[in-house]
Amino acid sequence: MAVHASRNVAVLGATGSIGASALDVIARHPERYRASVLAAGGNVDALLALCATHRPDHAVIADEALYARLRDGLSDAGLATRAHAGMAALDMLVVDPDCHVVVAAIVGAAGLASTLAAATAGKRLLLANKESLVLAGELMIAAADAAGAEIIPIDSEHNAIFQCLRSRQAQAQVSRIVLTASGGPFRGRSRAELAQVTREQAIAHPKWVMGPKISVDSATLMNKGLELIEAHHLFGVGRDRLDVLVHPQSLVHSLVEFVDGSTLAQLGLPDMRTSLAVGLGWPERIDSGVGGLDLLKHPRLDFEAPDLAAFPCLQLAWEAMAAGGTAPAVLNAANEVAVSAFLQGRIGFLSIPALVEDALAALPAVPADSLEVLLAADAEARRLTEHNLAGHLSA
Ligand code: NDP
């Protein structure tokens, strides 16, 4: 049996849904992996509880005002874990030679800097933070390739494609990549029926347990749109070789079609621990805690075309991908602002695509050859969408 040196893993977004799944898989393999850095946004109590269980070397809270609470909480618990605050501390810890693997699971564009830092430092990068790829995919992939970083996609669809290709490069023999989509909680509803849906209905995903932002993205199908752009960057494929199929059972996680007529797919129960185990162990397979798929208990696999009229976010993402340059950054930023307002009960569900469409129309794509240009587009789209919210506020 092979002997493995223990690898130190930084879990960014440790208090979230992906963070919990990553820590679950890591804890199953104490001889191979250690959670050495745990990072969160503002939830100090949850971070302290995780530190008591996993005893990392470092804990980071993004909100600098919470530093003293983290430091005192660690000391009161008698833990040797060092406290840090702010995003710069995170960037410093992920590039440290003692950090071998980075799980990028911060939600939203807030995850960009640390994800890019890990790519630039040549780490194994388990990439769940899709927004950073949508915002700055070309720069991220170029940085990772230049530094020899191993990006392993964690999104279940991209992880499935990665497993089918056994690499991150779709060669010329790949004729089509098909992303599957559950269709979310509102599959089958007309646009008119979507006008009155609530926050609670939107975040009650039928198949996956996820954080609130991605749950709303799944309900609007923006999640699939972000994933198209993510696939474009990860696998080097254009729009002509990408497609989406709605598959409500969420058992086939994506498909790759080859020029000889073969189609490979990856199947499994909907549980993110499978993707995370692939990311940690690859090219080996390690236990994830997820059981096998018994097709006799799940005998039906249905597929249908997405309804672009009821769910225009998917169409907007196709268009942003085709426009290129700053368009995906604008799409992502406007969506983050709109989803946050929806989650706060300030706007209705249909205002999300309307606000994204307005931002894309008002801020036409320009070439994006630097991070500064992309961050400026992101900031401008946030400002504009915050301003445009006024015209959509719920009574
Ligand atoms: P959650 O909302 O459950 O968790 C988000 C995490 O990010 C929390 O740990 C949160 O910390 C942290 N965070 C938020 N803002 C900041 C910030 N400014 N700085 C540092 N940390 C911050 O999200 P998910 O786990 O669902 O999703 C995480 C990412 O993974 C997203 O990009 C999502 O699209 C992607 N993804 C998720 C899937 C899933 O099944 N959940 C599937 C595929 C992809 P705190 O708790 O302190 O706020």
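Where the convex hull is taken over the Cα atoms of segment 148-298, what is its projected area averaged over directions, in nm²?
That works out to 10.4 nm², a quarter of the Cα hull's surface.
Arranged by the count of other C-beta atoms within 10 angstrom, fewest first, what order do 321, 210 take?
By the 10 Å Cβ count, ascending, the order reads 210, 321.
If you split all Cα-Cα distances of segment 224-314 into 5 Å bins from zero, what percentages do you get per bin, shortest first?
3, 10, 16, 21, 22, 18, 8, 2, 0
How do 79, 74 rank when sorted from fewest to most other Cβ atoms within 10 Å of their own Cβ?
79, 74
Which value, in Å to one decimal place, does the Kirkwood hydrodynamic radius take for the chain when every pair of different Cα atoms is included?
21.4 Å
How about residue 130: which lysines have a C-alpha closer than 21 Å to its C-alpha, ignoring those fewer than 8 places off in the same chain?
Cα-Cα hits under 21 Å: 207, 213, 224.
Could you compute the FRET efficiency for residue 371 and residue 63, with r as their C-beta to C-beta distance and R0 at 30 Å, rounded to 0.05?
0.80
For the residues 260, 91, what sequence is obtained by ranking on other C-beta atoms within 10 Å, fewest first?
By the 10 Å Cβ count, ascending: 260, 91.
Report the far tail of the P(r) of segment 287-395, meaning the percent of Cα-Cα pairs longer than 16 Å.
Counting pairs separated by more than 16 Å, the tail of P(r) holds 64 percent.
Quickly work out the residue 293-to-residue 354 label distance, labels modelled 7 Å from Cα along the C-beta direction, and quote it in nm with one decimal.
So the label points at residue 354 and residue 293 sit 3.9 nm apart.
Mind grabbing the base-10 log of I(q)/I(0) for segment 80-184 at q = 0.11, 0.15, 0.17 Å⁻¹? Debye formula, identical points on the C-alpha positions, no solvent, two decimal places.
Relative scattering, expressed as log10 I(q)/I(0), comes to -0.37, -0.66, -0.82.
Here, each number is a calculation from the coordinates, and none is a lab measurement. Given the structure is predicted, the values throughout are model-derived calculations rather than measurements. Note that each Cβ is placed from the backbone with ideal geometry, even for glycine, and that neighbours are counted across all protein chains shown.
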